[in-house]
Amino acid sequence: MSRRPAHRDSGLPSSLMSRVEVCPPAMWPSSLSFWGRARRWLDRAPWTPAAQRPVNRLALVKAEFRNSLADLRSADAAPLRERIERARSLRELWHLRSVLYGLLATEFTQAAAEERMALLNRHFPMRAPRNGLTPLDA
């Protein structure tokens with residue numbers, strides 16, 4: 001007769017237990033497949049009304065990254081601005097998040113940095129964090 005161990009409190013604050021993990025975007029977007037390219041071509045066709053055409057997400061996300069560091073005055077902000085401008089994909093921008101967070105937390109507060117990062121994180125896939133407390137057979 002097997003008994004499951006009782007659920008133990010991990011000792012972590014509840015805010016850490018409910019945190020959502022922000023994941024990098026896919027390495028190869030679905031638009032690189034044959035059908036994805038055909039659909040993208042049809043969406044950009046001149047007969048499609050301009051209001052229904054897809055928006056350039058990369059340009060929008062770059063603009064939000066620029067806005068989040070607009071009031072930074074440190075010398076380290078200039079190289080980050082250049083890296084943001086040179087980014088060719090959302091995945092590259094995803095990797096710049098940690099540098100941006102460090103600059104924001106240093107110049108302002110950690111709470112202010114987390115608030116600005118929450119605005120940027122909405123552009124990237126999210127999932128619930130995996131933890132070691134969940135039994136394998138459940």
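Numerical summary
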| item | result |
| --- | --- |
| Test set (1) modelled with pLDDT of 95 or more; (2) surrounded by 15 or more Cβ atoms within 10 Å (Cβ to Cβ) - GLU82 fails condition number | (2) |
| Index of the failed condition, ALA113 passing every other in (1) over 24 Å from ARG57 (Cα atoms); (2) modelled with pLDDT of 90 or more | (1) |
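The values are calculated or read from the model by the stated rules, or taken from the named source; none is laboratory data. Here the structure is a predicted model, which is why all the values come from computation and not from measurement. So basically every Cβ, Gly included, is an ideal-geometry build from the backbone, and we count neighbours across all protein chains shown.
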